[in-house]
Amino acid sequence: MEVTANTAAENEELWGGGNRPLKASYGKLMMWFFIVSDALTFTGFLVSYGFSRFKNINSWPIADEVFTHFPFLHGIDAPMYYVALMTFILIFSSVTMVLAVDAGHHMQKSKVTFYMLLTIIGGAIFVGSQAWEWKNFIKGEYGALETRGGQILQFVDASSGKRAAIQEFAIGIETDRSTHQSSNGIWYSSEKALPTVTLEEVKKGFIADENLVIRTQQLNEKGQKTVLSRAASMGKLNEAIGVVEGANLTHNEYGNRLFADFFFFITGFHGFHVFSGVVINIIIFFNVILGTYERRGHYEMVEKVGLYWHFVDLVWVFVFTFFYLV
Amino acid sequence: MAAEGHKLAIFRGLLKFKSNQQKIWGVLIFLSIVTTIEVALGIIKPEILMVPFLRMKLLNWIFIILTIVKAYYIAWDFMHIRDETSGLKNSIVLPLLILIPYLAFILIIEADYIFDVMDTGFMSWNF
């Protein structure tokens, strides 16, 4: 290579520090590093969700039947509307964030403050909405029975075609069984809260009501859950070993327990991202108010948290599609 | 990055905005329209779109494509990838564009195989 004095001087400038590779600052590049690796983490989660789903393709829960609640609309079947609302809230808070970044470029402190505040409020509403969604999911609605193989048996009223809640048709049986607490019996050993109805009560109620039939996890050709005949239901009933109300990491009244596991894990991990995003936004918000960036001469910090915030929105777009739409 | 350095055209130059703020609102409207279409399709579930296509319902493919469209505009206009140098653009997007479909492809093929084994094999899992 032919090196002249001129290029040598240029080289010294290039490698002497103070130069910005890719015309982006150090902090911004590091945020992009983080975002790319975090995107791959979420990819791992969502793809393993896809794996479990394709593995159980003919028995996966139908999202429209699981997420049917909307605030103040009790007993009304409203699938999708609530998550759609949550999506709009998050997209809107993304817009206020990008407006804050834009105002930062023009050094308009009061505008940055205002838009950051709106972003924080949007994020907080989103996290709150997610908590409400979790509450409904954990609490459950109709209850179900579980077989030894972990299959879920749900109940349908054959005359109306509507789901039947086990708490409603179960017939009470007097029992002394109560939740075992660590203060009684074997030391330091306790059990989880008992379901509101026992297996025997559900069985008794089922036999008494001729209209009830069992709905299995299996999907038919139309993509709906298979409803058994009354005779087949009676046979299936004997396979049940326990009552499931709501969902947790080991039992899930909506169907395959993996669905609940992935729901908790992926929306939980995303919710944690939103929560930490809100915390970081609050820190930056106070820095803006205190005039830190005004003195620094630029609002690049707002831009960096903005990147993170948009990434969280981006992930939600995918979670929304794969959990609720597809 | 200078404030004036924003590229203000979207849809390959079809729609040009006067200022960056206008572009932000424009992109918001576009994203809202796409989300509304998604939700409407999800609620109505038109029969024509429920036909199988490449081992999935056609509707599901539409959802995935619309999601990627949304992701593109969030990354390009909200995260300002449109304004970055092509080197930075590629080093962010290419690893994701190569690794994500690859991982999804191998794992879903594997899951499909496991489904077949459980469906037609000797082991009973549905008891």
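Laid out as a table, the results:
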quantity: Restricting segment B:71-88 to residues that are of a type outside the set (A, V, I, L, M) and at the interface with chain A (Cβ under 9 Å from one of its Cβ atoms), the residue that is farthest from B:LEU8 (Cα to Cα); calculated: B:GLY87
quantity: Test: residue in segment A:272-295 that is assigned by TED's automatic domain parsing to the domain that holds A:SER59, touching a residue at least 60 places away in the same chain (Cβ under 8 Å) and in contact with a Leu (Cβ under 6 Å, 6 or more places away or on another chain); calculated: no
quantity: Residue within segment B:43-60 that is of a type outside the set (Ser, Thr, Tyr), over 20 Å from A:ILE62 (Cα atoms) and either surrounded by 12 or more Cβ atoms within 10 Å (Cβ to Cβ) or in contact with a strand residue (DSSP E or B) (Cβ under 6 Å, 6 or more places away or on another chain) (or both) present; calculated: no
quantity: Residue pairs meeting the criteria (Cβ under 9 Å; at least 6 apart or on separate chains; first outside any helix (DSSP H, G or I), in segment B:25-46; second modelled with pLDDT of 90 or more and surrounded by 15 or more Cβ atoms within 10 Å (Cβ to Cβ)); calculated: B:LYS45/B:LEU59; B:PRO46/B:LEU59
quantity: Subset of segment A:90-120 that is β-branched (Val, Ile, Thr) and touching a residue at least 12 places away in the same chain (Cβ under 8 Å) - its residue that is farthest from A:LEU307 (Cα to Cα); calculated: A:THR113
quantity: Some residue of segment A:15-37 being of a type in the set (S, T, N, Q), at pLDDT below 95 and assigned to a helix (DSSP H, G or I); calculated: no
quantity: Residue that is farther than 19 Å from A:ASP64 by Cβ, at the interface with chain A (Cβ under 10 Å from one of its Cβ atoms) and under 16 Å from the mean Cα position of the chain (by Cα), where the choices are B:ILE33, B:ILE68, B:ILE62; calculated: B:ILE68
quantity: Candidate set: segment B:97-113, residues that are aliphatic (A, V, I, L, M) and either surrounded by fewer than 16 Cβ atoms within 10 Å (Cβ to Cβ) or more than 7 Å from chain A (Cβ to nearest Cβ) (or both); chosen: the one farthest from A:SER25 (Cα to Cα); calculated: B:ILE109
quantity: Leading residue by the ranking (surrounded by the fewest Cβ atoms within 10 Å (Cβ to Cβ)) among those in segment A:184-202 that are more than 22 Å from A:ILE138 (Cα to Cα) and modelled with pLDDT of 75 or more; calculated: A:GLU200
quantity: Qualifying residue in segment B:11-22 (condition: touching a Lys or Arg at 6+ places or on another chain (Cβ under 6 Å) and either free of Cβ contacts under 8 Å to residues at least 24 places away in the same chain or not in a helix (DSSP H, G or I) (or both)); calculated: yes
quantity: In segment A:206-231, the residues that are without any contact (Cβ under 8 Å) to a residue 40 or more places away in the chain, farther than 14 Å from A:ASN58 by Cβ and either among the polar types (S, T, N, Q) or within 14 Å of chain B (Cβ to nearest Cβ) (or both); calculated: A:LEU228, A:SER229
quantity: Filter result (of a type in the set (Lys, Arg) and either under 24 Å from A:PHE126 (Cβ atoms) or surrounded by 17 or more Cβ atoms within 10 Å (Cβ to Cβ) (or both)) within segment A:255-306; calculated: A:ARG257, A:LYS304
quantity: Residues of segment A:153-189 satisfying the condition of being β-branched (Val, Ile, Thr) and not in a strand (DSSP E or B); calculated: A:ILE166, A:ILE171, A:ILE173, A:THR175, A:THR179, A:ILE186
quantity: Yes/no for A:VAL312 being modelled with pLDDT of 95 or more, crowded, with 23+ Cβ neighbours inside 10 Å and either more than 12 Å from chain B (Cβ to nearest Cβ) or assigned to a helix (DSSP H, G or I) (or both); calculated: yes
quantity: Qualifying residue in segment B:52-59 (condition: more than 18 Å from the chain's Cα centre (by Cα), part of a helix (DSSP H, G or I) and either more than 30 Å from A:VAL101 (Cβ to Cβ) or within 8 Å of chain A (Cβ to nearest Cβ) (or both)); calculated: no
quantity: Per-region count, segment A:128-152, residues part of a helix (DSSP H, G or I), crowded, with 20+ Cβ neighbours inside 10 Å and either within 14 Å of chain B (Cβ to nearest Cβ) or among the β-branched types (Val, Ile, Thr) (or both); calculated: 0
quantity: Those residues of segment A:53-95 which are of a type in the set (Gly, Ala, Ser), more than 7 Å from chain B (Cβ to nearest Cβ) and assigned to a helix (DSSP H, G or I), in sequence order; calculated: A:ALA63, A:SER93
quantity: Unique match (being over 19 Å from A:ALA240 (Cβ atoms) and either of a type in the set (A, V, I, L, M, F, W, C) or in the same structural domain as A:THR267 (by TED's automatic domain parsing) (or both)) among A:ALA84, A:ALA170, A:ALA164; calculated: A:ALA84
quantity: Answer residue from segment A:232-247, given it is more than 13 Å from chain B (Cβ to nearest Cβ) and assigned to a helix (DSSP H, G or I) and is nearest to A:GLY149 (Cα to Cα) among those; calculated: A:LEU237
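The values are calculated or read from the model by the stated rules, or taken from the named source; none is laboratory data. Computed from a prediction, not measured in an experiment: that's the story for all the values here. Please note: Cβ atoms are built from the backbone with ideal geometry, for glycine as well, and neighbour counts cover all protein chains shown.
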